[in-house]
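Q: Have a look at the structure that comes next, please.
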Amino acid sequence: MVTDHNLDELYHKGELTWQDGEYTVERGFQWTPPGCHNSCGMLYYMKDGKLDHAEGDPCFPYNNGRLCARCLNLEEAAYQEGRLKYPMKRDPKDRGDVSKFERITWDEALALIEKNLDEVTEKYGRASVFGLVGTGRNICWQVPWIVNNAFKSPNVFCALFSGDSCAVPRTAATAAMTGAYPVPDMGQFNEARYDYPDFQFPGTILIWGANPLKSNADCFQGYWITDCMKKGGSKLVVIDPMINWMSARAEVQIQIRPGTDCAVALAMNHVIIEEDLYDHDFVDCWTYGFDEFAEHVKDWTPERAAEIAWCDPDDIRKAARLIATNGPCAAPFGVSNDQKRNGVSAYHAIFNMMAITGNYDNPGGNILAYDPWGTVMSYIAGWDEGVLTPEMKAERLGDKEFPLHSVGFSALGQPDVLLHALETGEPRPMKMCFMMGTNPITNMAPDAPRAYKALMTLDFTIVCDYRMTPTIAGLADLVLPISFNWERNTLRLWFTPVRASRKISQYYECKSDEEIVVMLGRRFNPEFFDKIGVHTDIDMLDYIVKSAPNATESFDQLLNKDMYCWPDRPYYQYKTGGLRADGQPGFQTPTGRIELWVSMFANLGLDPLPNYEEPTESPVSTPELYKEYPLVLTTGARNFEFFHSEQREQPHMRATYPWPRVRINVEDAKELGIQDGEWVWIEGTRGRCQQKALVTEGIMKGVVEADHGWWFPERDGNAPSLYGVFESNINNLTPNGNPGPYSFGADFRSVLCKIYKCTPENSEILPGVQTVEKGGFHEPDYGDIISMYYGHDAK
Amino acid sequence: MSKKGLFINYEMCFGCHSCEMACSQEHKLPAGEFGIKLTQYGPHKNVKGDWEYTFVPVPTQLCDLCGSRTATGKLPACVHHCESECMEYGDIAELAKLLEEQPKSVLFSL
Ligand code: SF4
Ligand code: SF4
Ligand code: SF4
């Protein structure tokens, strides 16, 4: 840095709070809301008890001062029109009419919950009460806690999220293979970061179907990649149908047809084994099933994969060679393979490649981050303790249908089975729903119109959120207002470092998610909450901190003194026994080795080796359909302005990203007569939506990529508009009810579509009207697994 | 006092908008007004077959180099928050040396 600043002094390193002119500065960590997978060090500049603005904390080595645009606009986020201030109720017959919400007290809200809990339990049993949770941020463990330990039901789901298609498919693959969750090492496992004595910069960073610069996945800040490029000379391999900023700077970039990832990864393994570039020592000492795997990839020549993936076989070779020979290789998380039926296998192939090149728990490679870090416990799964008995757990939806669920690969229910239950009453009627931190018809649920219809069947729906959303407008009967991050005492015990954040402000009658856990717990299960000594949010967080394997302090110590705890984490723990529960060297798998041939999958009747399968709809698997829908659609790419469906109400975000956009190749656009910036219909076999065309060279010909999560807070909140939630919703086209063979992963990112200009003639019936007034786009149908189990004709 | 400027390495700027937003927040600018504005070239495959994809943020007439912040020793809001750490603030003469060390960079004198 040219200017010499003593940042530690200027920013009061180690202090919780100080005065800076007219502002009281409060140190903390932003996590949720607004949502994010990460949790950066923050300085909240407060005036008269309200946030004036926030800055990044230069003294916290995780982000060292840096912030995303979203965290630089928190004042607008928090004090916007539409923020919820009080509990509200509405008669279920008035769903879709936002004028019918009526302010009530928290006591009245609790009484209403009790009345409905009693009624539903009486008629259907307690397991017909369920929770819905959204993506991974600081509103995950709270939902299982409420539903399991307050309501005493075993049923919590990712919100109608077919195939649990985020992180869980990847975790299923890596947990079965390695017993853990690999996270690319960019020094984040030690406070000294890049200066940690054993740290080494990755030689190669493999970026597969992701833009980490925008997505900042769990325990990973995207800009650590640019740090590694600048400070360590790391080279990039980028696999993506789109050209992103990193592709343009990559040593090797390959654009592939969406959904063909597993084929490409198998071919890379083929090259590494065939050219004898693999790490013989690591393979001999620490892996299991190499011969079977080598035999398996023998036929997967780059030529074979390239034909499938519409790419150049030599690029596959170049990428494989670089990954194998250029020092450590780190592979950041990208969600796109989670959102494919073939995703578990794609990850299996990619992470086998990391294994045969020796890239686990090595500096600059991939750290095996759980379970010693308490990740599962503090994330979605809730806890092992709690009130659920084996009999209660037996009523969880999805365990019978899916073997990986039955052996505990997810502590949540299976969302495709929930959809089936809502639509048919089988295996049981599901009647009362508690949603917290999710806005499913806007974002998480594929086939959104179908999800809307399914959720309309409920007797009673509670939604906790911080602002009015389409889900609340359309579906909520009781609304509970949620505190922002700096309005809650909270804890991040999810990867490293452990962080605690203090409540420094109160907004009207909002409560934090933790306060709601305790309030509902004490009301509906006081015996249990007495037993664990939890009377307040602070008690709750203290209980959690003390149950964690790695943290030793009390919550009070963490909250009011240390603020964070970043224990030393040496490398190569498989050599020292740090990865296994029994303390022996090796990995937490049945053989103690990384299983290239996965014995657990074999034992459950699943494929022990990664096999490529075409998406359910594709140019190859459905050639007739492809004639009518000649473009492959992918979706879900991130941007800097929005976290999924959030931030659409913020004028500062809409200033740089005003409308939903579908990226289409210049040549495809020319053939279709589509101009840049014009509104087009994107239509698939299940439904259609409208977005603006972004005509670009930056996407491969034959493929389009459409935005997700769009709604329009400025439009009418009443049905059928519901803030325009269905008009541009790409989930009108994505499938539900058809998860992959491992039960994890569904084809969000590889369906077929066509695109045509919007005209007044073809726009008479908009998707909102189609969904709300005309019963939706299509009748429910189910993929092979659900159909087989429940006796439907498979689609 | 020597004249100050903003240095930006545009090989490493990845277009995160943090400089724009930090500036808007610092100066309480309404949406659509900018003290610094991102420009973009690409993605485009050039005649040599290489991908062009470059961002350069350009300070506007509203940029005052964060005079009141820098007076207290703080960095300008944009430099403080830049995600790729590709921005520098300082004496123009000093920053000019960086131009030589870091190809694909620019220096704004305001
Ligand atoms: S939005 Fe960006 S700045 Fe804010 S917590 Fe997440 S990663 Fe950090
Ligand atoms: S130096 Fe200050 S005023 Fe100028 S662009 Fe950066 S933040 Fe805005
Ligand atoms: S903050 Fe930095 S990386 Fe982000 S757009 Fe501005 S100059 Fe580029």
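The values are calculated or read from the model by the stated rules, or taken from the named source; none is laboratory data. For clarity, every value in this text was computed on a predicted model and none was experimentally measured. Please note: Cβ atoms are built from the backbone with ideal geometry, for glycine as well, and neighbour counts cover all protein chains shown. Just the protein is used for accessible areas: all its heavy atoms, side chains included, with ligands, DNA and RNA removed. Shrake-Rupley method; radii C 1.70, N 1.55, O 1.52, S 1.80 Å.
Q: Need at least 1 residues that are hydrophobic (A, V, I, L, M, F, W, C) per element, so show me which helices (runs of 4 or more DSSP H) inside the stretch A:467-584 make the cut, counting only ones lying wholly within it. Walk me through it before giving the result.
A: Details: elements: A:470-475, A:513-524, A:526-531, A:537-547, A:573-576.
Those helices (runs of 4 or more DSSP H) span A:470-475, A:513-524, A:526-531, A:537-547.
Q: Taking strands (runs of 3 or more DSSP E) that do not extend beyond the stretch A:29-139, which have at least 2 residues that are more than 14 Å from chain B (Cβ to nearest Cβ), touching a strand residue (DSSP E or B) at 6+ places or on another chain (Cβ under 8 Å) and more than 30 Å from residue A:565 (Cβ to Cβ)?
A: Details: elements: A:40-47, A:50-56, A:129-133.
Correct list: A:129-133.
For every residue, the table says whether it meets (1) more than 11 Å from every other protein chain (Cβ to nearest Cβ); (2) within 16 Å of ligand 1 (Cβ to nearest atom); (3) over 25 Å from the mean Cα position of the chain (by Cα).
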{"residue": "A:199", "(1), (2), (3)": "yes, no, yes"}
{"residue": "A:206", "(1), (2), (3)": "yes, no, no"}
{"residue": "A:211", "(1), (2), (3)": "no, yes, no"}
{"residue": "A:230", "(1), (2), (3)": "no, no, yes"}
{"residue": "A:242", "(1), (2), (3)": "no, no, no"}
{"residue": "A:245", "(1), (2), (3)": "no, no, no"}
{"residue": "A:252", "(1), (2), (3)": "yes, no, yes"}
{"residue": "A:262", "(1), (2), (3)": "yes, no, no"}
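For every residue, the table says whether it meets (1) open to solvent by less than 10 Å² (accessible area, probe 1.4 Å); (2) modelled with pLDDT of 90 or more.
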site: A:359; (1), (2): yes, yes
site: A:367; (1), (2): yes, yes
site: A:371; (1), (2): no, no
site: A:384; (1), (2): no, no
site: A:387; (1), (2): no, no
site: A:391; (1), (2): no, yes
site: A:396; (1), (2): no, yes
site: A:406; (1), (2): no, no
site: A:414; (1), (2): yes, yes
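For (1) within 16 Å of ligand 2 (Cβ to nearest atom); (2) at pLDDT 95 or above; (3) farther than 14 Å from residue A:23 by Cβ, each residue gets a yes or a no:
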{"residue": "A:35", "(1), (2), (3)": "no, no, yes"}
{"residue": "A:38", "(1), (2), (3)": "no, no, yes"}
{"residue": "A:44", "(1), (2), (3)": "no, yes, no"}
{"residue": "A:48", "(1), (2), (3)": "no, yes, no"}
{"residue": "A:53", "(1), (2), (3)": "yes, yes, no"}
{"residue": "A:64", "(1), (2), (3)": "no, yes, yes"}
{"residue": "A:73", "(1), (2), (3)": "yes, yes, yes"}
{"residue": "A:76", "(1), (2), (3)": "no, yes, yes"}
{"residue": "A:80", "(1), (2), (3)": "no, no, yes"}
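Q: In addition: So which residues in the stretch A:116-145 are among the β-branched types (Val, Ile, Thr), over 14 Å from the mean Cα position of the chain (by Cα) and open to solvent by less than 10 Å² (accessible area, probe 1.4 Å)? Working first, answer last.
A: From the stretch A:116-145, those among the β-branched types (Val, Ile, Thr) are A:120-121, A:129, A:133, A:135, A:139, A:143; that's our starting set.
So of that shortlist, the ones also over 14 Å from the mean Cα position of the chain (by Cα) come out as A:120-121, A:129, A:143.
The answer is A:120, A:129, A:143.
Q: Also, I was wondering about something else. How many residues are open to solvent by 10 Å² or more (accessible area, probe 1.4 Å) and assigned to a loop (DSSP other than H, G, I, E, B) when one looks only at the stretch A:749-765?
A: Of the residues in the stretch A:749-765, 6 are open to solvent by 10 Å² or more (accessible area, probe 1.4 Å) and assigned to a loop (DSSP other than H, G, I, E, B).
Q: Among the residues of the stretch A:14-21, are any surrounded by 15 or more Cβ atoms within 10 Å (Cβ to Cβ) and within 14 Å of chain B (Cβ to nearest Cβ)?
A: First, the residues of the stretch A:14-21 that are surrounded by 15 or more Cβ atoms within 10 Å (Cβ to Cβ): A:16-17.
Now drop any that are not within 14 Å of chain B (Cβ to nearest Cβ), which leaves none.
No, the stretch A:14-21 contains no residue that is surrounded by 15 or more Cβ atoms within 10 Å (Cβ to Cβ) and within 14 Å of chain B (Cβ to nearest Cβ).
Here's the yes/no breakdown for (1) among the charged types (D, E, K, R); (2) under 21 Å from the mean Cα position of the chain (by Cα); (3) assigned to a loop (DSSP other than H, G, I, E, B); (4) crowded, with 19+ Cβ neighbours inside 10 Å:
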residue: A:611; (1), (2), (3), (4): no, no, yes, no
residue: A:616; (1), (2), (3), (4): no, no, yes, yes
residue: A:620; (1), (2), (3), (4): no, no, yes, no
residue: A:627; (1), (2), (3), (4): yes, no, no, no
residue: A:632; (1), (2), (3), (4): no, no, no, yes
residue: A:641; (1), (2), (3), (4): yes, yes, yes, yes
residue: A:646; (1), (2), (3), (4): yes, yes, yes, yes
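Q: For the stretch A:685-709, name all the residues that are in a loop (DSSP other than H, G, I, E, B), away from chain B (no Cβ under 14 Å) and either touching a helix residue (DSSP H, G or I) at 6+ places or on another chain (Cβ under 8 Å) or surrounded by fewer than 21 Cβ atoms within 10 Å (Cβ to Cβ) (or both).
A: As a first pass, look at the stretch A:685-709 and keep what is in a loop (DSSP other than H, G, I, E, B): A:685-687, A:697-698, A:700-702, A:707-709.
Applying the additional criterion that residues be away from chain B (no Cβ under 14 Å) yields A:685-687, A:702, A:707-709.
Passing the criteria: A:685, A:686, A:687, A:702, A:707, A:708.
Let's see how each residue does on (1) farther than 17 Å from residue A:686 by Cα; (2) under 18 Å from the mean Cα position of the chain (by Cα):
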residue: A:726; (1), (2): no, no
residue: A:739; (1), (2): no, yes
residue: A:743; (1), (2): yes, yes
residue: A:771; (1), (2): no, no
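Q: When you go through B:108, B:14 one by one, which is the residue that is within 13 Å of ligand 3 (Cβ to nearest atom), in contact with a helix residue (DSSP H, G or I) (Cβ under 8 Å, 6 or more places away or on another chain) and not acidic (Asp, Glu)? Break it down into steps so the answer makes sense when it comes.
A: On the way: B:108 fails: in contact with a helix residue (DSSP H, G or I) (Cβ under 8 Å, 6 or more places away or on another chain).
Among B:108, B:14, only B:14 is within 13 Å of ligand 3 (Cβ to nearest atom), in contact with a helix residue (DSSP H, G or I) (Cβ under 8 Å, 6 or more places away or on another chain) and not acidic (Asp, Glu).
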